[in-house]
Amino acid sequence: MNPVLAVSAAVAVASTVAVVIQRKAVHALLYLIVSFFALAVAMLALGAAFAAALEVVVYAGAILVLFVFVLMMIGVEGPVPSLRAWLFPALLAILLFAELAYALFARPELLEALSVAAPASGAAQVAYAVPAPVPPKAVGLALFGPYAVAAEIAAFLLLSGLVGAYHLGRRDKA
Amino acid sequence: MNPADLELALGLAALLFVIGLAGMLARRSLVFMLLCAEIMLNAGGFAFIVAGARWGAPDGQVIFIFLLVTAAAEVAVGLALILALSGQGRGRPKGLDADEMRRGGD
């Protein structure tokens, strides 16, 4: 069993449970970001480099920051947490960093995404028990090749979400 | 990639989905319910990625991108609804009609 995958799975489960049982929404949000980071490391271990990058950039970086904005607009009450509240989140984050550093510098073969992509032809297609990692180029070619219509529809969905959010948030003049 | 890894990853996806579902059912705060919806969406996307990695196909990651877009649109509208419901200086809306919610339910 891949130790990187196992450790990041444990971190993901622990932080997701912490999301659900938090009392304050901001803390839950930050635990959710840790959970998404752990899932991104798991995706790296599975060979999905592009999805791992998107998980960090779009999910943790854009969607959850939107949550942070709205929570700050609603208002956060309560005192600043004590130093002991840092222990568990710091442990999770250090664990993630340690396993990523270990895998990157000591055993890069654990991260399938970093291994060289084999040409998907002949023997590689038959012996599907050991699939090659999917490079970002293949994802892009599939997204704008056979899935081009779906990509357009997804763009329409984003536009409708934008219009809906704008309509709900608009203030009438007087 | 050996089969134990795949089983572990699929089990992780299922477990995360169940945690999100439990949170969605147990919490009553709108923000927490939206967060739990995010957890469940993400678990589903992770399952797609595991399947894509199993077959060495890019389709799993493509579906993950579409899930990402869906989650972004859902969060945009959901957070706008939360902002409208939380008041922000206006009265509490009575129904779920979008126009009424924006006006503040007068």
Taking the stretch A:77-91 and keeping only residues that are surrounded by 10 or more Cβ atoms within 10 Å (Cβ to Cβ) and at pLDDT below 75, one is left with A:81
Output for Cβ contacts, cut-off 6 Å, separation at least six or different chains, first residue touching a residue at least 60 places away in the same chain (Cβ under 8 Å) in the stretch B:68-84, second in a helix (DSSP H, G or I) and crowded, with 20+ Cβ neighbours inside 10 Å, reads none
Condition set aromatic (Phe, Trp, Tyr) and outside any helix (DSSP H, G or I), scope the stretch A:137-174, selection farthest from the other protein chains (Cβ to nearest Cβ): answer is A:144
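Condition check ((1) in contact with a Lys or Arg (Cβ under 8 Å, 6 or more places away or on another chain); (2) modelled with pLDDT under 95; (3) open to solvent by 50 Å² or more (accessible area, probe 1.4 Å); (4) farther than 21 Å from residue A:5 by Cα) across all residues:
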{"position": "B:17", "(1), (2), (3), (4)": "no, no, yes, no"}
{"position": "B:23", "(1), (2), (3), (4)": "no, yes, no, yes"}
{"position": "B:30", "(1), (2), (3), (4)": "no, yes, yes, yes"}
{"position": "B:38", "(1), (2), (3), (4)": "no, yes, no, yes"}
{"position": "B:49", "(1), (2), (3), (4)": "no, yes, no, no"}
{"position": "B:52", "(1), (2), (3), (4)": "no, yes, no, no"}
{"position": "B:56", "(1), (2), (3), (4)": "no, yes, no, no"}
{"position": "B:74", "(1), (2), (3), (4)": "no, yes, yes, yes"}
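Filter the stretch A:66-80 down to the residues that are within 17 Å of residue A:29 (Cβ to Cβ), away from every other protein chain (no Cβ under 14 Å) and free of Cβ contacts under 8 Å to residues at least 12 places away in the same chain and list them by number. Before the answer, list the steps.
Of all residues in the stretch A:66-80, those within 17 Å of residue A:29 (Cβ to Cβ) come to A:66-78, A:80.
Remaining after also requiring away from every other protein chain (no Cβ under 14 Å): A:78, A:80.
Within the stretch A:66-80, A:80 is the sole residue that qualifies.
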Wholly inside the stretch A:1-61, helices (runs of 4 or more DSSP H) that include 1 or more residues that are in the same structural domain as residue A:73 (by TED's automatic domain parsing), closer than 22 Å to residue A:101 by Cα and among the aromatic types (Phe, Trp, Tyr) are A:25-46, A:49-54
Margin query: Within the stretch A:42-52, does at least one residue satisfy the condition of being surrounded by fewer than 23 Cβ atoms within 10 Å (Cβ to Cβ) and more than 8 Å from every other protein chain (Cβ to nearest Cβ)?
Written below: yes
Every listed condition ((1) in a helix (DSSP H, G or I); (2) farther than 27 Å from residue B:22 by Cβ; (3) modelled with pLDDT under 90; (4) not small (Gly, Ala, Ser)) holds for residue A:71 save (2)
How many residues of the stretch B:1-15 are of a type in the set (D, E, K, R) and surrounded by 17 or more Cβ atoms within 10 Å (Cβ to Cβ)? The answer is 1
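The values are calculated or read from the model by the stated rules, or taken from the named source; none is laboratory data. This is a predicted model, so every value here is computed, not measured. Cβ coordinates were reconstructed from backbone atoms using ideal geometry, including for glycine residues, and neighbour counts include every protein chain displayed. When the accessible area is computed, the model is the full protein with side chains, heavy atoms only, and any ligands, DNA or RNA have been set aside. Shrake-Rupley method; radii C 1.70, N 1.55, O 1.52, S 1.80 Å.
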